[in-house]
1. Taking the simple approach of a point 7 Å from Cα along Cα-to-Cβ for both Ala33 and Ser55, what is their distance in nm?
2. Rounded, prolate or oblate: which one fits the chain, using the alpha carbon gyration tensor with axes a ≥ b ≥ c (rounded when a/c is under 1.5, else prolate when a/b beats b/c, else oblate)?
3. Quote to one decimal, in nm, the extra length available between Lys5 and Arg121 on full extension: 0.36 nm per residue of separation minus the C-alpha distance between them.
4. Out of the trypsin sites (Lys or Arg not before Pro) in region 106-184, which ones are loop residues according to DSSP with at most 16 other C-beta atoms within 10 Å?
5. Working with all protein chains in place, sort His113, His67, His75 by solvent-accessible area computed with a 1.4 Å probe, largest first.
6. Would region 13-80 count as rounded, prolate or oblate if I go by the C-alpha gyration tensor, calling it rounded below 1.5 in a/c and otherwise prolate when a/b exceeds b/c, oblate otherwise?
7. Quick check: the distance between the Cα centres of region 64-106 and region 122-184, to the nearest angstrom?
8. For n ≥ 4 DSSP H runs only, could you compute -39500 (n - 2.57) per run for the chain, divide by its residues and tell me the 222 nm figure to the nearest 500?
Amino acid sequence: MTSMKDRMLAGELYRDDPELRAELDRAARLTEAFNRGSAADPEGRLAVLGELLGSLGEDTWVRPPFHCDYGWNIHLGPRGFVNFNAVFLDVARITIGADAQIGPNVQLLTATHPLDPEPRRQKWEAAKPITIGDNVWLGGGVIVLAGVSIGDNTVVGAGAVVTRDLPANVVAVGNPARVVRDLA
């Protein structure tokens, strides 16, 4: 029998179970430790973040508060920056490339829910991965939805809601986000 965690990682419908609850509790303890860590101890905060995340690139900085589901499904490339109050719902993998700049209050939301009300009532959910390329800038308050990829060097304006893939080397704004300028 396939575990709920295996179903979750395969992008299939799954429900919460004791194994996933333990994973959520682990992440909650580590995010609390990171968020309450002393500004006078950046190395200590970084150590907690390294334990929480799936991978943390060299010279990448995350400013607290930071919130996530599991942590181990988040992979941050080198030399990146994640500003205050980021929410990364990492039910599926979140991959962020090198030199990415993530503004305050950005939400990366991999979770999805059935449109049919009965499975939703029964607490079934699924997820799709999010991939952010190298040198991407997400302005403050950007929301990126499940299954979206954003190409290298793209800039997403503050407050945009990214509902579908964005190519490399563009500026996108609005809700839903739309390309308004080429950067190449």
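1. Roughly 2.3 nm, to one decimal.
2. On the way: a/c = 1.99, a/b = 1.11, b/c = 1.79.
It comes out oblate by the Cα gyration axes.
3. On the way: separation 116, 0.36 × 116 = 41.76 nm, distance 1.98 nm.
Gain on stretching Lys5 to Arg121: 39.8 nm.
4. Numbers: sites: Arg120, Arg121, Lys123, Arg164, Arg178, Arg181; in loops: Lys123, Arg164.
Counting only loop positions with at most 16 other Cβ atoms within 10 Å, the trypsin sites (Lys or Arg not before Pro) in region 106-184 are Lys123, Arg164.
5. The residues order as His113, His67, His75, largest area first.
6. On the way: a/c = 2.82, a/b = 1.60, b/c = 1.76.
It comes out oblate by the Cα gyration axes.
7. Result: 13 Å between the Cα centres.
8. Numbers: 4 runs with 41 residues, N = 184.
The per-residue figure over the chain is -6500 deg cm²/dmol.
The values are calculated or read from the model by the stated rules, or taken from the named source; none is laboratory data. Since the model is a prediction, treat every value here as computed from it, not as a measurement. In this analysis, Cβ positions are derived from the backbone assuming ideal geometry, glycine residues included, and neighbour counts consider all displayed protein chains. To get the accessible areas, we keep the full protein, side chains included, count just its heavy atoms, and leave off ligands, DNA and RNA. Shrake-Rupley method; radii C 1.70, N 1.55, O 1.52, S 1.80 Å.
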